[in-house]
1. Taking Cα pairs under 8 Å and at least six residues apart, what relative contact order does the stretch 74-176 come out at, in percent?
2. What trypsin sites (Lys or Arg not before Pro) does the stretch 28-85 have in DSSP loop regions with at most 10 other beta carbons within 10 Å?
3. For Ser140, Ser179, Ser152, what's the fewest-to-most ordering of other Cβ within 10 Å of each Cβ?
4. For Val109, what charge total do you get from the other residues with a beta carbon under 15 Å from its beta carbon, if Lys and Arg give +1 and Asp and Glu give -1?
5. Counting other Cβ atoms within 10 Å of each Cβ, which trypsin sites (Lys or Arg not before Pro) in the stretch 101-161 have at most 10 and sit in a DSSP loop?
6. Given points 7 Å out from each Cα along the Cα-Cβ axis, report the Ser42 to Tyr90 separation in nanometres with one decimal.
7. For n ≥ 4 DSSP H runs only, could you compute -39500 (n - 2.57) per run for the chain, divide by its residues and tell me the 222 nm figure to the nearest 500?
8. Based on the mean of other Cβ atoms within 10 Å per residue, sort peptides 24-30, 82-88 so the most packed one is first.
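Just so it is clear, none of the values below were taken in a lab; they were calculated from the coordinates. None of these values were measured; they are calculated from a predicted model. For neighbour counting, all protein chains shown are included, and Cβ atoms are generated from backbone atoms with ideal geometry for every residue, glycine included.
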Amino acid sequence: MKQGLVLAFLVLSCLSLVPLQGKVYRGSIDFIELTEPPLRYSDINAVWEMLKEEVGAPGDFPPPPLVLDWEVPHKARMGFQYPTVNYPQYPLMVSIAPRTIDTWHHELVTYGVGHELLHYLFLLRDNGFDLEKRTFDEASPHHCNREFMRISRLIADRIWDMYHSTEHRSVMYDEVTKSCFNQPGQ
Ligand SMILES: [Zn+2]
């Protein structure tokens, strides 16, 4: 047991020597290394490919940055933000609260990321898929939009194709309805 602990410590201390971000400390500590969060990128990419097709985006249209974001309000799990005329300082990105990855089942994390990517694609479609724009015209509300709700259920189905969890799929279907009921203006 004790040996196992020492071994674990050694492995961890070796890992911490790897300069993950390629940065070097110079006299003071003003950043922290981050390990890669356990997102299932291949699952997210499968959802992303389906979403582009459903929304009619160009096949090579780039996704927004996914950002591990400690600023996500406590009641939220993740969110999509973009610069508008009134808030030009907002970055175009999907923010994910680290606690979401820690506490949500990976299927639901993938569903959540898919939901935010769908917001992104709807917004960009309304803006001619023009990523050169500095600000974007405000999106009309999505959550109760029938097409948005239909494609959101397809995300749940796509994840079901991978893991066959009927229980998780019904949680995701519930999320579709709850988003419309609780945040019809988004
Ligand atoms: Zn939403």
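1. 25
2. Lys75
3. Ser140, Ser179, Ser152
4. Around Val109, the charge tally is -2.
5. Passing both the DSSP loop test and the Cβ count: Arg134.
6. Here the answer is 3.5 nm between the modelled labels.
7. Computed mean residue ellipticity for the chain: -16500 deg cm²/dmol.
8. Going by the mean number of other Cβ atoms within 10 Å, highest first, we get 82-88, 24-30.
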